[in-house]
Amino acid sequence: MIVLAGTIGAGKSSLTEIISNHLGSKAFYESVDDNEVLPKFYADPEKYAFLLQIYFLNKRFASIKQAMQEDDNVLDRSIYEDSLLFHLNADLGRASDVEVRVYDNLLQNMMEELPLAANKKHPDLLVHIKVSFATMLDRIQKRGREFEQIEYDPTLYDYYQELNKRYDKWFEDYHESPKIQVDGDIDNFVEDPAARQRVIRMIDNKLLDIRGQEFPQSKAQ
C-alpha cells in the first residue's frame, strides 16, 4: 500500500491517480467534495475543527481497511498527518484541551486496532509532496473551491503558511514506513508529462528497493 502526504494543494489527488493508473491498482481519495462538514469548518473553524477531524479520521480509517485488501492500492492522504492538522488547529485556538486529549486518545486506539483489522501495521511506502508556499496558494486558487480562497477569509493566509511550514518537520520525523519526498516545484507532475515520468521512475525505484525484486512497470500494460 502506498500513501501520499502533503499540504493542501500539493497535488496529492493528482499523483494518487497517476500512481494507481501506472500500477493498475485502486485509488482512495480523501472525502472533500462530498464532505458536509468542511464548508462549515471554513465558515466557523472554532466550532467545527474537532468535528471535521473526527469526520476525516473515520473516513480515512475505513479507506485504509479497504485499501489493504489488495496490493499496490494508493491513498491520497496518510492517517499519520491527522495529528499534525488537528494540533495546528488547536494551536490556533480552534480546539480545546479536552478535545485534543479525546482526539489523541482516539487516534492512538484506532492505530492500535488497525493491524488487527487489516492484518498489516504500516504502509509500504509514504510519498511526501513538498511544494513552496507560492505553489500551494496557486493550486488552491486554481481548483476554485470558494471556501478555501483567501478572498473568502483573509485569515487563511497565515493558516496555510503555517501548515506548509510544519510539513517539513513532520516529514523529517516520520519513521513509520519507508518514505520518499517529491519536490512538486521542480517536478511539476500535475502539468509536465516529463516530470510525471521522472516521479514515476523515482517511485518504481523505491518500491524495487523495498521489495528487493523486479517491479513491473505497470500492471495495466
Go through HIS87, HIS128 for me and flag whichever is at pLDDT 90 or above and part of a strand (DSSP E or B).
-> HIS128
Scan of the stretch 144-156 for residues that are in a helix (DSSP H, G or I) and surrounded by 12 or more Cβ atoms within 10 Å (Cβ to Cβ), ordered by number | PHE147, GLU148, LEU156
Does ARG77 satisfy the criteria of being basic (Lys, Arg), out of contact with any His (no Cβ under 8 Å at 6 or more places or on another chain), touching a residue at least 60 places away in the same chain (Cβ under 8 Å) and assigned to a loop (DSSP other than H, G, I, E, B)?
-> yes
Looking at the stretch 190-208, which of the residues that are exposed (fewer than 14 other Cβ atoms within 10 Å of the Cβ) and out of contact with any Phe, Trp or Tyr (no Cβ under 9 Å at 6 or more places or on another chain) is nearest to SER20 (Cα to Cα)?
-> ARG201
Among (1) modelled with pLDDT of 90 or more; (2) closer than 30 Å to ILE210 by Cα, the one test that HIS122 misses = (1)
Those residues of the stretch 168-181 which are within 18 Å of LEU84 (Cβ to Cβ) and either in contact with a strand residue (DSSP E or B) (Cβ under 7 Å, 6 or more places away or on another chain) or free of Cβ contacts under 8 Å to residues at least 40 places away in the same chain (or both) amount to ASP168, LYS169, PHE171, GLU172, ASP173, TYR174, HIS175, SER177, LYS179, GLN181
Out of all the residues in the stretch 56-74, is one or more of a type outside the set (Val, Ile, Thr), touching a helix residue (DSSP H, G or I) at 6+ places or on another chain (Cβ under 6 Å), crowded, with 19+ Cβ neighbours inside 10 Å and not in a helix (DSSP H, G or I)?
-> yes
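The values are calculated or read from the model by the stated rules, or taken from the named source; none is laboratory data. Nothing here was measured: the structure is a model prediction, and the numbers come from that model. Please note: Cβ atoms are built from the backbone with ideal geometry, for glycine as well, and neighbour counts cover all protein chains shown.
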